[in-house]
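The values are calculated or read from the model by the stated rules, or taken from the named source; none is laboratory data. All values derive from a computational prediction rather than experimental measurement. Don't worry about glycine lacking a Cβ; one is built from the backbone with ideal geometry, like all the others, and counts go over all protein chains shown. For the accessible areas, the whole protein counts, side chains as well, though only heavy atoms, and no ligand, DNA or RNA atoms are used. Shrake-Rupley method; radii C 1.70, N 1.55, O 1.52, S 1.80 Å.
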Amino acid sequence: MRRYPYVVIVLTTIALAIFASSCTPVCDYPATRVARVRLVNAMPDQEQISIWLNGKLLMDNYPYDEPSNFGYISSFQDGTPLGAANMGVVITSDAAGKDTLIHSTVDLTLNLQTIVVMGRARGAGSEVTRKVLLLQDTAPVVQSEALFRFVHAIPDFQSLDVYWKGHPTPDATLRYGVPSDYLVLDSVVSIKVTEAGNPNNVVLLIPFSTAVFPGIIATAIIRGRSKPIGNERSASLFLLSDAGGGNYDADLRTFGARMMNATRNISTLNLLIKQHSTGDTIRSWVPQQRETVLDIPVDSLTPYLPLRPELNGNTTVLNSTEYYFSTNNVYTTGGAGISASTLDIRDSFMQSALADDRFTFVAIETAHFGDSTKKLDHLILKDTMGTPSDPSFNRVRIVMGNPDHNSITVNFGGRTVTMAIKQVEYFDVPTGSQQLKLSDGTASSTQTISVASGRPMSIYLLPKSGPGTEFPIKTIIE
């Protein structure tokens, strides 16, 4: 019995020695033994996230926009050192840690690493896209070529194709949440990203010259949404420097512009763009964008053009951009285009935009049926629409683009509105089959509309193309 105190003392001493020798870097190791990580919020519908490691707050209210103090961190929020260990990670939408979005794990080491949080935070199927990606930031040796490692973080697509050499075939194909190797980008004038296997669906197009950045080594995170809802972010390219201190390089953001050809029979209508403040002549933006802006058929809606806003100091505010509806195809490989005096311009207008804005420019017919003249007007639609708070409803935008009637009475979802040309109305309607009733006072028509959940819908009321017994309105559903 007398030996028990001695045994307890010995065992306690051994235990303390083992604890001290196995102490993780969060204890008292010097700073060189501490893990260092960068954080990237790539959740397009979550302006801020909070990151917790092993139940301890690493960073709260971390923004989608680049923070002013971007770079590697080596401590928790309370200032204690960040240890190198396999840790449970929890991502929440709030600093209190109550609204959990993601449960995962990260294996932090003494190497430089980047944590990328991606996916949709809300909505049906969003849990499939939520992901925490841990990147090992072991950059290659600096050389004369530009080296890019791409990360596909757009939750709308399983895979993306990336083009930078101007060839018809992609230079790289990316899988969602899987980083590429470092790739040599030489002689680059733009980086184009499309849906994999569908080159006509341009997701991102960024003018970018590697000649300006010789020897750059970067991680390029492709984030945002292809078809944003409400305040969600549009597709953009977030560049991180992987050399030196690893601080932030650039957030190359875009706004979206698309065209609806709502004319009666102008089947070769083009949308031409001129950056007003730079004094450029009219051009179809860049050559790779050709298929989305030229020769737009009647009753056709193009995909969004992911355009880069002009820089105004350090902000991404578009000073002003001019748009032209023209029957001339002015596509040129030189990029400068041709003078406006040589074009068959039917309508022109200006529109300013911020990054992440979305617009639909509608080419509106103004000539009545039977009038041989071809007149155009335009309608600018801001597409930043949210959905109703009740998930069993969806928002439907109805656009009146028919010149043949002074007004059309629209009954939809229990609401009746009399609409004139260029008038736009919004209806919150239960999902499922709904009846759309149209009347011009002498004739009427009832159509069954399938209202799906998710993204808001648009219904365009357009002029008929020829004589017949049809109700004199064509209904085009986006």
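If I go through segment 256-291 residue by residue, how many of them are open to solvent by 10 Å² or more (accessible area, probe 1.4 Å), modelled with pLDDT of 50 or more and not in a loop (DSSP other than H, G, I, E, B)?
Going through segment 256-291 one residue at a time, the tally reaches 3.
Which of the residues belonging to segment 401-419 are modelled with pLDDT of 95 or more and within 15 Å of Tyr460 (Cβ to Cβ)?
Result: Val410, Phe412, Met419.
Just one of (1) open to solvent by 70 Å² or more (accessible area, probe 1.4 Å); (2) at positive phi trips up Asp186, so point out which.
Result: Asp186 fails condition (2) only.
Taking the conditions exactly as written (closer than 26 Å to Ser445 by Cβ, of a type in the set (A, V, I, L, M, F, W, C), under 25 Å from the mean Cα position of the chain (by Cα) and at pLDDT 75 or above), does Ile398 satisfy them or not? Lay out the reasoning, then the answer.
On the way: closer than 26 Å to Ser445 by Cβ: yes; of a type in the set (A, V, I, L, M, F, W, C): yes; under 25 Å from the mean Cα position of the chain (by Cα): yes; at pLDDT 75 or above: yes.
So Ile398 passes the test.
Identify, please: which residue in segment 401-438 is among the polar types (S, T, N, Q) and buried (at least 18 other Cβ atoms within 10 Å of the Cβ) and is, among those, farthest from Asn261 (Cα to Cα)? Steps first, please.
We begin by selecting, within segment 401-438, every residue among the polar types (S, T, N, Q); these are 402, 406-407, 409, 411, 416, 418, 423, 431, 433-435.
Then drop every residue that is not buried (at least 18 other Cβ atoms within 10 Å of the Cβ), which leaves 402, 434.
Details: Asn402: 12, Gln434: 26 Å.
Across segment 401-438, the extreme among qualifying residues is Gln434.
Looking only at segment 193-232, count how many residues are surrounded by fewer than 23 Cβ atoms within 10 Å (Cβ to Cβ), basic (Lys, Arg) and at pLDDT 85 or above.
1
Would you be able to say whether some residue in segment 140-152 is free of Cβ contacts under 8 Å to residues at least 60 places away in the same chain and of a type in the set (Phe, Trp, Tyr)?
No, because not a single residue in segment 140-152 is free of Cβ contacts under 8 Å to residues at least 60 places away in the same chain and of a type in the set (Phe, Trp, Tyr).
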